[in-house]
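Colleague: Pasting a structure below so you can have a look.
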Amino acid sequence: MTCDRLMRCGVDLERYPSGFVGGEIRWLDGGSPRSGSVGPEGRRRPSNPAAPDQASENGDIPAERTPADRARPCSDDADMYEFAEWLKQRGEYERAVTEYLRLEFYYPASNYILMARKSTCHCYYLMESYGEAIACGESLLGQPIACRDSNDVLFSIGTSEFRAGRYVMARERFGSIGRGDQGGDDEIVEKAVLLECLSLAHMREWVSAERSFLGVSRGSRYELQAVHCARLCREACLLRRKNPTLAGFLAIAPGLGYLYDGYPRTALSAFVINGAFLWGTIEANRKGQHGLGVLLGVVGLGWYAGNLYGSVSSARRMNDKMEGDLLQKFDVGFRF
């Protein structure tokens, strides 16, 4: 693995996913990210899920207070909740969570507790603390909340599971929205259906994903996006993937496996390094320097093994990159 890593160092960089580290572009020595949404520069796009703390039209959640309302006296728990919401709107999510928890600690019987917990779940999601968001959302499911709010919470948990790369669990969450006796917002149900299909795509179950996208009901506001995603799933099925076994077989000739995988400069590096060690070993033995010949042979064998291992892993890496690049083209019609 070390020899493979050294042969790949600094070459064929366009074959690797990139990311920002310390304000500079760095290339990730691994497959394409399978969770989260990464833009052209490799940076994670800002999340914007359907807010679980939006005001209810039925009046079960108090509307935002106007400046005139703020001028009138109000209870301490209302002030604390409003301050936490203000912090959240400013993007200070960690401080907002502290205020929501403070509200719950000092006023456990407050009418704002449910809203504070939902906002806490949303803040954790925006901070990309998906484990905390999931735990917070699950604690809400046992609360006596309205059907519409229940779907909101399930949607937030599902998006957190999706961003955490737990696509099987995400599918279960999205699949439970709007089913059975649950009513709910039609838009949330439609979004959940699309994200359930998208979870299948991220699981690389392209045939099932295509079938699911094509099964999106006609007349849905996201019908065109579903057709677009189904077409991409069909493209994924037709990708010319690399065969790791064939790559390993071709690597018997140093560098040929990398060349097959689509890493030409890495192939040249492997050929030169392995060729140099082979030449050195032969020359040392020819001149009677058997100790040096054995040493060069043993070290060269490590580089040769790295060439074999790297050719196989690079085939898988290239397949993962092709699928990851295709996943970047999926557009479900909304940000989350």
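Colleague: Between the alpha-carbon centers of segment 198-239 and segment 2-32, tell me the distance in whole angstrom.
Modeller: Here the two parts' Cα centres lie 31 Å apart.
Colleague: Starting from the Cα-Cα distance between Tyr309 and Arg211, subtract it from 0.36 nm times their residue separation and give me the gain in nm to one decimal. Numbers along the way, then the final one.
Modeller: On the way: separation 98, 0.36 × 98 = 35.28 nm, distance 3.65 nm.
Fully extending the segment from Tyr309 to Arg211 adds 31.6 nm.
Colleague: As an exercise, use a Förster radius of 22 Å and the Cβ-Cβ distance of Phe334 and Met203 to find the FRET efficiency, rounded to the nearest 0.05.
Modeller: After rounding, the FRET efficiency stands at 0.60.
Colleague: Give, in nm to one decimal, the length gained when the segment between Val227 and Leu295 is fully stretched (0.36 nm per residue of separation minus the Cα-Cα distance). Could the numbers behind the result be given before it?
Modeller: Details: separation 68, 0.36 × 68 = 24.48 nm, distance 6.06 nm.
Extending this stretch completely gives an extra 18.4 nm.
Colleague: Measure off, as a whole percent, the carbon and sulfur share of the 1.4 Å-probe accessible area of segment 108-159, all protein chains present.
Modeller: 53
Colleague: With each pseudo-label sitting 7 Å past Cα toward Cβ, what's the Arg265-Phe249 distance in nm, one decimal?
Modeller: Simple spin-label model gives 3.0 nm for this pair.
Colleague: Something else about it: Read phi for every residue in segment 283-289 and hand back ³J(HN,Hα) as whole Hz from Karplus 6.51 cos²θ - 1.76 cosθ + 1.60, θ = phi - 60°, with x for Gly and Pro.
Modeller: With the stated coefficients, segment 283-289 comes to 5, 5, 5, 5, 8, x, 8 Hz.
Colleague: Cross-link partners among lysines for Lys321, C-alpha distance below 20 Å, same-chain residues fewer than 8 apart left out?
Modeller: Lys242, Lys329
Colleague: From the phi angles alone, apply the Karplus equation (6.51, -1.76, 1.60; θ = phi - 60°) to segment 218-227 and give each ³J(HN,Hα) in whole Hz, x where the residue is Gly or Pro.
Modeller: 5, x, 5, 5, 10, 4, 5, 5, 5, 5
Colleague: Once every Cα of segment 175-304 carries one equal point scatterer and solvent is ignored, give the base-10 log of I(q)/I(0) from the Debye formula at q = 0.11, 0.19, 0.21 Å⁻¹, two decimals.
Modeller: Taking Cα atoms of segment 175-304 as identical point scatterers yields -0.62, -0.99, -1.09.
Colleague: Set the Förster radius R0 to 30 Å, insert the Cβ-Cβ distance between Glu92 and Glu24 as r into 1/(1 + (r/R0)^6), and round the FRET efficiency to 0.05. Working shown, then result.
Modeller: On the way: r = 27 Å, r/R0 = 0.89.
Using R0 = 30 Å, I get an efficiency of 0.65.
Colleague: Right, here's the next one. Using only alpha carbon pairs under 8 Å that are at least six residues apart, calculate the relative contact order of segment 153-293 and give it in whole percent.
Modeller: Reported as a whole number, the value is 12 percent.
Colleague: Return the FRET efficiency for the residue pair Leu141, Ala109: r is the Cβ-Cβ distance, R0 is 25 Å, and the value is rounded to the nearest 0.05.
Modeller: Efficiency for this residue pair is about 0.75.
The values are calculated or read from the model by the stated rules, or taken from the named source; none is laboratory data. Note that this is a predicted model, so its numbers are computed, not measured. No Cβ is skipped: glycine too gets one built from the backbone with ideal geometry, and neighbour counts run over all protein chains shown. Side chains included, ligands, DNA and RNA excluded: accessible areas come from the protein's heavy atoms. Shrake-Rupley method; radii C 1.70, N 1.55, O 1.52, S 1.80 Å.
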